[in-house]
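Just below is one structure, and these are the notes that go with it.
We did not get these values from a lab; they are worked out from the coordinates using the rules stated. The structure presented is a predicted model; accordingly, all values stated were derived computationally and were not measured. Please note: Cβ atoms are built from the backbone with ideal geometry, for glycine as well, and neighbour counts cover all protein chains shown.
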Amino acid sequence: MTEKPEVVPPRAVTPQAVPPRAVPPRAVQPQAFAPRAVTPRTRGATVWLTGLPSAGKTTLARFLADRLKAEGRRVEVLDGDEIRRFLSAGLGFSRADRHINVQRVGLVSEVLARNGVLSVVPVIAPYADSREAVRLRHERSGTPYIEVHVATPVEVCRERDVKGLYARQAAGELTGLTGVDDPYEAPVDPELVLTTQDRTPPDSADAVYAVLAERGLV
């Protein structure tokens with residue numbers, strides 16, 4: 001009788017886990033961004049309208065801003081009364097406080113202009129050294145600065161008296177009114193001098209716009 005060979009069942013092979021191959025992280029190349037080209041549409045500037053109370057600064061600022069906005073420009077008007085109410089609340093009208101107020105407005109305007117906004121500033125800024133400090137701030141950052149003297153005579157401003165300041169000063173209810181019993185130091189070499197009694201507000205705005213165009217800012 002022939003013996004049958006013993007059948008040995010195949011040994012179960014336990015699969016061994018193969019550790020994943022370490023893959024070095026892919027180097028990420030930094031993406032280069034080309035600087036935005038500076039064009040008249042992207043370049044900012046400060047247009048400072050200085051002059052006596054009721055000289056027509058705010059009216060001129062609004063007309064100029066409306067024209068620039070209609071052309072798609074980024075524009076801000078830094079109204080003097082609003083600045084006094086919020087940014088410079090607590091300041092009075094001494095020479096030192098007026099200087100501080102102008103420097104605050106100048107800082108805000110320069111930052112806006114440096115970032116492509118046309119900032120229109122209808123603020124009296126009665127003292128030459130205050131205005132010069134603002135101009136130097138702009139020069140240091142390479143930011144265009146245009147000073148416009150709204151040179152309306154005090155007699156015309158008194159007749160207009162938009163806010164009643166001249167009447168209050170005459171009645172003894174107000175002191176320190178710029179151009180009457182507080183000095184106004186007129187600019188010696190502004191980029192533009194306007195006498196608003198001789199032209200309409202749109203005409204005055206056109207004159208300022210022309211200066212912006214000459215400098216390649218619009």
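Find the percent of Cα-Cα distances in the range 94-218 that exceed 19 Å, and round it to a whole number. Show your work: numbers first, answer last.
Values: 4268 of 7750 pairs.
Counting every Cα pair in the range 94-218, those more than 19 Å apart make up 55 percent.
Looking at the range 144-218, the trypsin sites (Lys or Arg not before Pro) that sit in a DSSP loop and have at most 11 other Cβ atoms within 10 Å of their own Cβ are LYS163. Building the convex hull from the alpha-carbon atoms of the range 158-218 and averaging its projection over directions returns 5.6 nm². Among 186-194, 62-70, sorting by the average number of other beta carbon atoms lying within 10 angstrom of each residue, highest first, gives 62-70, 186-194. In sequence order, the range 181-192 has phi-based couplings of 10, 9, x, 10, 9, 5, x, 8, 9, x, 6, 7 Hz under the Karplus curve 6.51 cos²θ - 1.76 cosθ + 1.60, θ = phi - 60°, and Gly or Pro positions carry x.
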